[in-house]
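The values are calculated or read from the model by the stated rules, or taken from the named source; none is laboratory data. Remember, predicted model here, so these are calculated numbers, not experimental data. Cβ placement follows ideal geometry from the backbone for every residue including glycine, while neighbour counts extend to all protein chains displayed. When the accessible area is computed, the model is the full protein with side chains, heavy atoms only, and any ligands, DNA or RNA have been set aside. Shrake-Rupley method; radii C 1.70, N 1.55, O 1.52, S 1.80 Å.
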Amino acid sequence: MVTLCWAALIFDFSTSKFGSSFTGVMLARWLAAIHIHLSPGHFEILHLIVRKGAHFTEYGILSLLLYASISSLKRFEWQPRVALLCVLIAAFYSLTDEFHQTFVPDRGPSLEDCAVDVSGAVIAMLLVYLGTRWASKRRAGEVIVEVE
């Protein structure tokens, strides 16, 4: 259920109310509130980073939620096929989301955004892999980091 709610939130973020002009105004207000003043060029770069970072994060979280939903094990362990399926589902959802934006005023489709979305999903699955590997070593009693 949480996964479906997250997917619905991503869909809502694709509406015109969360377009570039809205996020630009919100970012400008936030920067002004903390007394940071940027040149227009630097602001545009920061705005781009924030928007692409949001894409990356949204789909990273989506793939983590998918992994937790699909995983058949009670203990959180690495399942490569499940991870691949999560990335594929996230990629498909990203494509449908970009297609949806062709019908939204002030928005448009972007394969670049799809690439960022899929990157977020892949990195999230990499984090699952590293986390489960670390946890299994810990359960086995291996020393992860030795501090003297």
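A few notes on this one:
- Failed criterion for Ser72 (all others in (1) among the polar types (S, T, N, Q); (2) at pLDDT 85 or above; (3) open to solvent by 70 Å² or more (accessible area, probe 1.4 Å) hold): (2)
- Check on Leu62, without any contact (Cβ under 8 Å) to a residue 12 or more places away in the chain and of a type in the set (A, V, I, L, M): no
Residue-wise test of (1) within 14 Å of the chain's Cα centre (by Cα); (2) under 20 Å from Trp6 (Cβ atoms); (3) not charged (D, E, K, R).
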{"site": "Ile49", "(1), (2), (3)": "yes, no, yes"}
{"site": "Ser63", "(1), (2), (3)": "yes, yes, yes"}
{"site": "Ala68", "(1), (2), (3)": "no, yes, yes"}
{"site": "Pro80", "(1), (2), (3)": "no, no, yes"}
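- Residue within region 4-25 that is farther than 22 Å from Glu98 by Cα, open to solvent by 50 Å² or more (accessible area, probe 1.4 Å) and free of Cβ contacts under 8 Å to residues at least 40 places away in the same chain present: yes
- Meets criteria (surrounded by 14 or more Cβ atoms within 10 Å (Cβ to Cβ) and within 30 Å of Leu48 (Cβ to Cβ)) for Val104: yes
- Sole residue being open to solvent by 100 Å² or more (accessible area, probe 1.4 Å) and more than 27 Å from Asp12 (Cβ to Cβ), chosen from Pro80, Pro40: Pro40
- Of all residues in region 73-97, those that are in a helix (DSSP H, G or I) and either closer than 14 Å to Ala124 by Cα or without any contact (Cβ under 8 Å) to a residue 40 or more places away in the chain (or both) total 16.
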